Amino acid sequence: MVDPAVRSVLADAVDLARAALDELGDGGVGAYLGVTREDECSATHRFASELPGYRGWQWAVVVAAAPDSDRVTVSELVLLPGPDALVAPEWVPWSERIRPGDLGPGDLLAPAPDDVRLVPGYMQSGDPEVDETALEIGLGRKQVMSLEGRLEAAQRWFDGEYGPGSEMAKAAPSSCRLCGFYLPLAGSLRAAFGVCGNEFAADGHVVHAEYGCGAHSDTTLPTGAGSPIYEAFDDSAVEVVELGPATDSAPTDSAPTDSAPTDSTAESSEPSPPEPEQTD
C-alpha cells in the first residue's frame, strides 16, 4: 500500500529499505506491507516480521531525501508491533494496581494524600451523627469519609453480592428491611443499608435494605405437604404365612369310578305312586 502523499523518490526506495534490513543481519524480513508519509522529506517502509516470537510485528525503515533531491538515505530501522501483535499490557503504577482483597496480614496501605474519600474531621461531613459527635468532643476523628466517599461505598454495596439486583434477592420471599435479623447502620447510610445478624444467611455483611434471602425472620414452611397423620407403616416388618403341601392341579384322563352316579343307575328322588286296592 502506497500513500499518495509520499514523494515518488521516497516511495520507490523499497529495495533500499530491504537492503538495509538485510545488512542489519537479524533476518526474519517478510513481505512488503507498504509505505506511509512522515513529512515532506521522509517516509516509512514497512515489512512483515518473520522472527520467532514476533508474530504480527513489523520492520519499519525510515528513509529521507532533501527537498528537490533524488538521493535517498536510510535514517532509522526499528521493529514495531503491528495491529495484531501480542504485546505486554500497558505499565500501571503499583498504587493503581491494588485491588480489593489484595491486602494481607501485616500489609500497610496508606491513603493517597489527596484522597477525595476523606475530609478533615473538623469539617462538616454531612453525616449528622458524625457531626454531632465531633461538636461534643471538640474535633472528633482526624479524618472522616466525605460525601463522595460515602456515595462511592453505597454504590459498590448496591451493585454487589448483597444488593437488590442479586439472584438471591430476586428469589427471596421478602426484603431485609422487614427482617428481624437486620441491623441498620448509623448515620446517613441508615436508610439504605444494614448488617445481617443471621449466622445462616449473610452474617456480618453489609446488605441493602431491599436485599433478601430465604432465611428471612418471617419465613414459614409450606403446609399441606407430607404423609397423613395415620399409624406409620413399617415396610421392614415380615409377615410369616404357613402354606399347605403343594398339589398338582393339572387335569387327568382317568375313567369315572363306580361310585359316580350315571343316568342308568341313578335313583329317582321322587316317591312312587301307591298300588290300587283289590276287591272281592
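Derivation of every value follows stated rules applied to the coordinates shown; laboratory data play no part. Because the structure is a prediction, the values reported are computed rather than measured. Note: ideal-geometry Cβ built from the backbone for every residue, glycine included; neighbour counts use all protein chains shown.
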Subject >> Amide H partners (placed H, <5 Å) of Gly34, local residues excluded >> reply: Arg46
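Applying 1/(1 + (r/R0)^6) with R0 = 45 Å to the Cβ-Cβ distance of Glu40 and Glu90, what FRET efficiency is obtained, to the nearest 0.05?
Calculated value: 0.85.
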Original post:
Projected onto the charge dipole of the stretch 63-124 (+1 at Lys/Arg Cβ, -1 at Asp/Glu Cβ, origin at the Cα centre), which of Ser69, Leu86, Ile98 gives the Cα projection farthest towards the positive end?
Top reply: Ile98
Subject >> For Val195, residues with placed amide H under 5 Å, excluding near neighbours >> reply: Leu183, Leu185, Val207
Subject >> Chain lengthening between Ala19 and Ala171 when straightened (0.36 nm per residue, less Cα-Cα) >> reply: 47.7 nm
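Using 0.36 nm per residue, how much length does the chain from Thr247 to Arg71 gain when fully extended, once their Cα-Cα distance is taken away?
Gain on stretching Thr247 to Arg71: 50.9 nm.
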**OP:** Provide the FRET efficiency to the nearest 0.05 for the Leu51-Val9 pair, computing r from the beta carbons and using R0 = 30 Å.
**Re:** 0.50
Subject >> Derived scalar couplings ³J(HN,Hα) [the stretch 68-85; Karplus, 6.51 cos²θ - 1.76 cosθ + 1.60; whole Hz; x for Gly, Pro] >> reply: 6, 10, 9, 9, 10, 10, 8, 9, 7, 10, 7, 9, 10, x, x, x, 10, 6
